[in-house]
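Presented below is the structure to which this report refers.
The values are calculated or read from the model by the stated rules, or taken from the named source; none is laboratory data. None of the values given here were measured: they were computed from a predicted structure. Backbone-built Cβ (ideal geometry, glycine too); neighbour counts: all protein chains shown. Quick note on the areas: whole protein, heavy atoms, side chains included, nothing else; ligands and nucleic acids left out. Shrake-Rupley method; radii C 1.70, N 1.55, O 1.52, S 1.80 Å.
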Amino acid sequence: MQPKVVMKSTSITARTLLSATLLGLGALSFSAESQAQTVNAVMHSGVRIIDPILTTAHITRNHGYMVFDTLLGMNEEFQPQPQMADWEISDDGMVYTFTLRDGLTWHDGEAVTAADCVASLERWAKRDSGGLMLMNHVESLEASDERTITLTLSSPFSYVLELLAKPSSVPAFMMPERLASTSPEEAIPEQIGSGPFRFVADEFQPGNRVVYTKFEEYVPRDEPPSWTAGGKVVNVDRVEWITMPDQQTAINALGSGDIDFIEQVPLDLAPLLETNDDLILGTLSEMGSQTMGRMNFLYPPFDDVRIRQAAMLAMNQEDVLAALVGNADYYETCGSFFGCTTPLGSDAGTDTWMATGDLERARELLEEAGYDGTPVVMLQPTDVATVSPQPVVAAQALRQAGFNVEMQPMDWQTLVTRRASQNDPADGGWNMFFTNWIIPEVWNPIVNPMLNAQGREGSFFGWPKDEELEAMRLDFAMAESDEERERIAEVIQVHALEQVIYVPLGDYRSVSSWTNQLDGVLKGPVPVFWNLTKSE
Amino acid sequence: MHASHSHLTLAPEGRGVSRLLSRLSQTRPRGVTLAAGVVLTLIISVALFAPWLANHDPLALSPADRLKPMGSEFWLGTDPYGRDLYSRIVYGARVSLTVGLGVAVTSVAIGLPLGLLAGYFRTLDAVLMRIMDGLMAIPGILLAIAIVSLTSASLWTVMIAIMVPEIPQVVRLVRSRVLATREEAFVEAAILMGTSTPRLLWRHLMPSTLAPLIVQGTYICASAILTEAILSFLGAGIGTETPSWGNIMSEGRVYFQLKPSLIFWAGLLLSACILSINLLGDSARDALDPKMKRRMS
Amino acid sequence: MFAYFIRRILASIPVMLVVALFVFLLLRLSPGDPAAIIAGDMASPTQLANIRAALGLDQPLHIQFFVWLGELVRGNFGTSLISQTPVLTMIGQRLEPTGSLAVVAMLFTVIIAIPLGVIAAWCHGRFLDKLVMSASVVGFSVPVFVIGYLLIQLFALELGWLPVQGFRSLSEGIAPFASRIVLPALTLSSIYIALIARMTRASMLEVLDEDYIRTARAKGLPERAVLFRHALRNAAVPILTVIGTGFALMISGVVVTESVFNIPGLGRLIVDAVLARDYPVIQALILLTAGLYVIINLLIDLSYAITDPRIRY
């Protein structure tokens, strides 16, 4: 491996030099820059949108954690921890005071102020559903001085810290006030954060390549890193994310040393990697993701709860997961809405209502409901491997139960547009689609967007309206102890399963792979590039 | 007529293997034509008798049986959903041939009247041909990708997407024939005798376009089958519930190194099919246009 | 001649207008909303409407069209809706890989196809001729991506001679550039080689019958000189034409080849842009390729007008 790496650092040297000097000089600079270390990574998708508040896309969130920092981090015990700021809570739980730590600097050299953070929080709260909910309980949010942010609640809300620390889907990233004052519907004009890496704007090629360099002025915390909490110590000089749409191409590139890290390897291709001793296969997020089906509550046939139940029973988690993941070591059937490995994960209600492929009961329910053969318009994405198998498998199950399924293939972006349509399924609407969330996005009833049951106006695509469920979620938000929360979460789960608010189809983990030159790759819900080292 | 003149008419037309080929020629032993005919007949039979030839439901998935190797149960193995590859390929023949024939017939059916009108009516000609020039300036594959992914990925939209870039070529071909034929004595005679315009177009001008159209049609057929496969390969093709050679290969693409059979067989059949249609097209041209054969071989 | 030149240029203006209008309408009348793509999973209808307004997508269609056209005339192709990067910058970033691929592929084509065609013509009717002609039919009947995968399997995986994929800029050195461009360029040129070998053969056959060739042979010139110096030169114009008109063919090949070999070029840019409904990028790319196509055809026609005095206008 040794010579290969050396060669690579020369070629990078050559690239930087060439812009300024002549071809032949590349070799001369060899010794001068040989310590410069670059990690080349292939992420799960190309980076196109670089405003981490504007979108929920995971790749943009991952980008956010490179360039931006958060007031609080979350550690592997799911506990909020200080990151940019420490906090104090008043005895009545109504006033939160955050104090910024020393040494925080924006990438443009200015110091981080409380006013910057207040503006950032305000912009974040306009885009994030959790933030929106929080703001309904907030009386004031202000900068008391250069270093202090004071948040005063108007009504009890016990989830403040968890929301500010949450790693997904829109984390509360901090940015200078001049950027944070951008309208929340428009992209910020510059990438200036206070995170451990700088964004290299000149080398950004949307959808193809993003380059980050170490932010030398970043002062990491002293604690050891754990998820997004603790010290973010950067040991490499440069990180490049390269897009390779063909998975096999990426695997070959990893084998040949062109790249160091692949965020997601299709498990079917893992045998290609296992034979190579220089490569390491590992799961970064043990919690993984949940895959699920969502029905449209506005139109027949799924406006009838019995038909929703029939559809849920007809589907089989095992079949969906086998087609989606393949290797049984990396998936588990799980009936919980909150992920089976999280504090709130339980099997409450799943013995009655779970996608187990019970065609008999499904047929009975269909008959009882008098299903008249109304077609189920099912949206099938053709271009994204992590969401295309579910509808194919589900369609077969529903047909076996007696449903009339009309499969509509389309690319994912069309689906994203289409699912927002509240029209009749025959007129540009839909009846069912499938998606995945990473567990931190669904792990409690507040953040889980698909348990929002406010109907046409407020809830996630599919628009269930269920006042009982909404009342339960409010109870949860005001609960004061963990026991209380667990109890309410179970009640919510039993109710939401019976109503088939959505169909959990199981949990799965994705696998990353990297060369054995990388050390200290951190586990967590977000792939991060601090802490790791690269040996030559 | 000198060769350069024939290439001159070719230059502005511009696109596609098909039309270029129609101007070229080669010597070909009779045996090759025969072999091409046999291969194509076989593929057509496979398409026609697919339900009897397939030993599994091409759509029945069984996640427990995914990515099985070739064997007695699954002759060519199974795909990532556990569907029988052999049966999917057999049914895929139907889609590929439907796309090929469908696009060839419809683009000729639409292009023929437009070409007749453009060739006959001077004013219409100017407008119509500017539109056709515009359509032709857009690379066909980009147009097709845009049409498919901007509408929906059904068999029909894929066929329309492939057809739209083919039409201008048919129009041009017909128009140039009409322009040449209307100078001929028998047409002038017909005009003097007061033949009605529709009758003139249909009875006197149209027949002269048939021979080149048949040749052009075969090449369109071959190129449509190829384009369908390319669209599927790029993720802008027909959905997985309609097996086509293109989407079979596209779905097997990720596994290319581990299980080359997932794209090998479909690729082989696809190539054989296009090859035989192209060869038959060459023969048809030689037969229907003996002037050209004499000149060029 | 000059008048003809001007006339042809003027005639291409309405063609480009048709292209612009067609592309614009196709994009705007189709489903797919860039705002939904930008906002992601949790956007409310109000948020979507706000983003649409911020992007100017809430304006009436004809206004959007004329605004776009007005900017185009001033040379402004707009910025990407998704990444907010100027479209021309994005195209600039992708130009080198695609340009290198096209140039190298063209080089291969000329080096391989023309000698093949000449030899086939020379051996007219004999075994070598038939072999070349059969191979050429195979060449454009096998899909580009199948050829690409076969080449990868053979040269990169079985023999291990070349890297499987990727692109390195020429500025990083000849060796990394060349080793990565060979397979994609061969893949891309396969159809071309087939086509141009056939064209060369056909043109050569015609020229070989001419009197001056017989004269040259009668004068006892070596056969190689007759073929390459006299015959090929006179057969060159139609061959050049095919090279030019094959441009559109190359576009389709480029899209597929870049995808097989993971080359970050224009082909991948346009596929990504279509999938993301990034209107300004799609519009600019289609318009630019169409413009290039029109220019190439113009040049070809002019070259005829110049080289062949028998053509009158």
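Over the protein assembly as shown, the alpha carbon radius of gyration divided by the compact-protein estimate 2.2 N^0.38 Å works out to 1.00.
Sequence-ordered 3J(HN,Hα) estimates for the stretch C:257-271 from the Karplus curve with 6.51, -1.76 and 1.60 and θ = phi - 60° stand at 4, 5, 6, 5, 9, 6, 9, x, x, 5, x, 5, 4, 6, 4 Hz, glycine and proline given as x. Charges on Cβ only, +1 for Lys and Arg, -1 for Asp and Glu, centred on the Cα centroid of the stretch A:153-243; of A:Ala187, A:Val160, A:Val239, which one is farthest towards the dipole's positive end? Farthest along the dipole direction, towards plus: A:Val160. For the stretch C:146-223, the list of chymotrypsin sites (Phe, Trp or Tyr not before Pro) that fall in a loop by DSSP and count at most 13 other C-beta atoms within 10 angstrom reads C:Trp161. How big is the gap, in Å, between the Cα center of the stretch A:158-193 and the Cα center of the stretch A:55-86? So the separation of the two Cα centres works out to 10 Å. Let's test the formula: R0 of 25 Å, r as the Cβ-Cβ distance of C:Phe5 and C:Phe66. What FRET efficiency results, to the nearest 0.05? Calculated value: 0.25. Accessible surface for A:Asp237 stands near 60 Å², nearest 10, in the context of the full protein assembly shown (1.4 Å probe). Any idea how far apart C:Thr46 and A:Asp202 come out in nm if each label point goes 7 Å out from Cα toward Cβ? So the label points at C:Thr46 and A:Asp202 sit 4.4 nm apart. Each other residue within a Cβ distance under 12 Å of A:Leu161 adds +1 if Lys or Arg and -1 if Asp or Glu, for a net charge of -2. For a test of the definition: using alpha carbon positions, the gyration tensor, and the 1.5 limit on a/c, classify the stretch A:69-180 as rounded, prolate or oblate. Taking the square roots of the gyration eigenvalues as a ≥ b ≥ c, the stretch A:69-180 is rounded.
Taken as entire DSSP H runs, the helices of chain B that both span 24 Å or more between Cα atoms along their own long axis and average 0.0 or more on the Kyte-Doolittle scale are B:30-48, B:85-120, B:155-181, B:206-233, B:261-288. Only the Cβ atoms of Lys and Arg (+1) and of Asp and Glu (-1) were treated as charged; on that basis the dipole of the stretch A:188-281 about its Cα centre amounts to roughly 300 debye.
Find the centroid of the Cα atoms in the stretch A:272-324 and in the stretch A:207-235, then give the distance between the two in whole Å. Between the Cα centres of the stretch A:272-324 and the stretch A:207-235 lies a distance of 33 Å.
State the answer as a single residue: which of B:Thr98, B:Pro243, B:Thr78 lies farthest towards the positive end of the charge dipole of the stretch B:36-296, with beta carbon charges of +1 for Lys and Arg and -1 for Asp and Glu, about the Cα centre. Result: B:Thr98, furthest along the dipole toward the positive end. Surface composition of chain A: carbon plus sulfur atoms hold 48% of the accessible area, using a 1.4 angstrom probe and ignoring ligands, DNA and RNA. Which of the cysteines in chain A are isolated, no other cysteine C-beta under 4.7 Å? That list is A:Cys117. Take the accessible area of chain A alone and of chain C alone, subtract that of the pair, and you get about 3600 Å² summed over both chains, using a 1.4 Å probe. Positive contributions from Lys and Arg (+1) and negative ones from Asp and Glu (-1), summed over other residues with Cβ under 12 Å from the Cβ of B:Gly119, come out at +3. Rounded to the nearest 10 square angstrom, B:Ile160 shows an accessible area of 80 square angstrom against a 1.4 Å probe. In this Cβ point-charge picture (+1 for Lys and Arg, -1 for Asp and Glu), chain C has a dipole of about 900 debye about its Cα centre. Model label sites at B:Ala35 and B:Glu188, defined 7 Å from Cα along the beta-carbon direction, differ in position by 5.0 nm.
Candidates C:Ser80, B:Leu135, B:Ala64 compared by Cα position along the dipole of the protein assembly as shown: farthest toward the positive end lies B:Leu135, with charges placed on Cβ. Which of rounded, prolate or oblate describes chain B when judged by the alpha-carbon gyration tensor and an a/c cut-off of 1.5? Prolate is the answer for chain B, as a/c is 1.5 or above and a/b outweighs b/c.
Of all beta bridges that DSSP places with both ends in the protein assembly as shown, some 80 percent have antiparallel geometry. List, in the order given, every pair from A:Lys166/A:Lys534; A:Lys126/A:Lys465; A:Lys166/A:Lys214; A:Lys126/A:Lys214; A:Lys166/A:Lys232; A:Lys126/A:Lys523 whose Cα-Cα distance in the structure shown is over 21 Å. Over 21 Å Cα-Cα: A:Lys166/A:Lys534; A:Lys126/A:Lys465; A:Lys166/A:Lys214; A:Lys126/A:Lys214; A:Lys126/A:Lys523. Modelled spin-label separation between B:Leu124 and A:Asp347, with each label point placed 7 Å from Cα along the Cα-to-Cβ direction: 7.5 nm.
Normalised by 2.2 N^0.38 Å, where N is the number of residues, the alpha-carbon radius of gyration of the stretch A:289-508 equals 0.95. If the viscosity is 0.890 mPa s and the temperature 25 °C, what translational diffusion coefficient in µm²/s does Stokes-Einstein give for the stretch C:99-312 when Rh comes from Kirkwood over Cα pairs? Estimated via Stokes-Einstein, D reaches 128 µm²/s. Contact residues in the stretch C:53-84 (at least 10 Å² less accessible area with all protein chains than alone, 1.4 Å probe): C:Ala54, C:Ile82, C:Ser83, C:Gln84. Among residues other than A:Glu274 with Cβ under 14 Å from its Cβ, the summed charge is -4 (Lys and Arg +1, Asp and Glu -1). Rounded to the nearest 10 degrees, the inclination of helix A:482-498 to the longest alpha-carbon principal axis of chain A is 50 degrees. Placing +1 on the Cβ of every Lys and Arg and -1 on the Cβ of every Asp and Glu, with no other charges, gives the stretch B:36-296 a dipole of roughly 600 debye about its Cα centre. Think of a 1.4 Å ball rolled over the protein heavy atoms: the stretch A:69-180 then has 36 Å² of accessible area per residue. The chymotrypsin sites (Phe, Trp or Tyr not before Pro) of the stretch B:124-203 include none that DSSP puts in a loop with a beta carbon having at most 10 other beta carbons within 10 Å.
In chain A, the longest principal axis of the Cα atoms and the axis of helix A:359-369 are about 60 degrees apart.
Against chain C, whose longest principal axis comes from its Cα atoms, helix C:232-245 is set at around 20 degrees.
Computed over chain C, relative contact order equals 25 percent, with contacts defined as Cα pairs under 8 Å that lie 6+ residues apart. Interface area, chains C and B: about 5500 Å² of buried accessible surface, summed, with a 1.4 Å probe and ligands, DNA and RNA left out. Once you order the gyration tensor axes a ≥ b ≥ c over the Cα atoms, which shape class does chain A get: rounded for a/c under 1.5, otherwise prolate or oblate by comparing a/b with b/c? In terms of gyration-tensor shape, oblate.
In the assembled protein chains, A:Met478 presents an accessible area of approximately 80 Å² (probe radius 1.4 Å).
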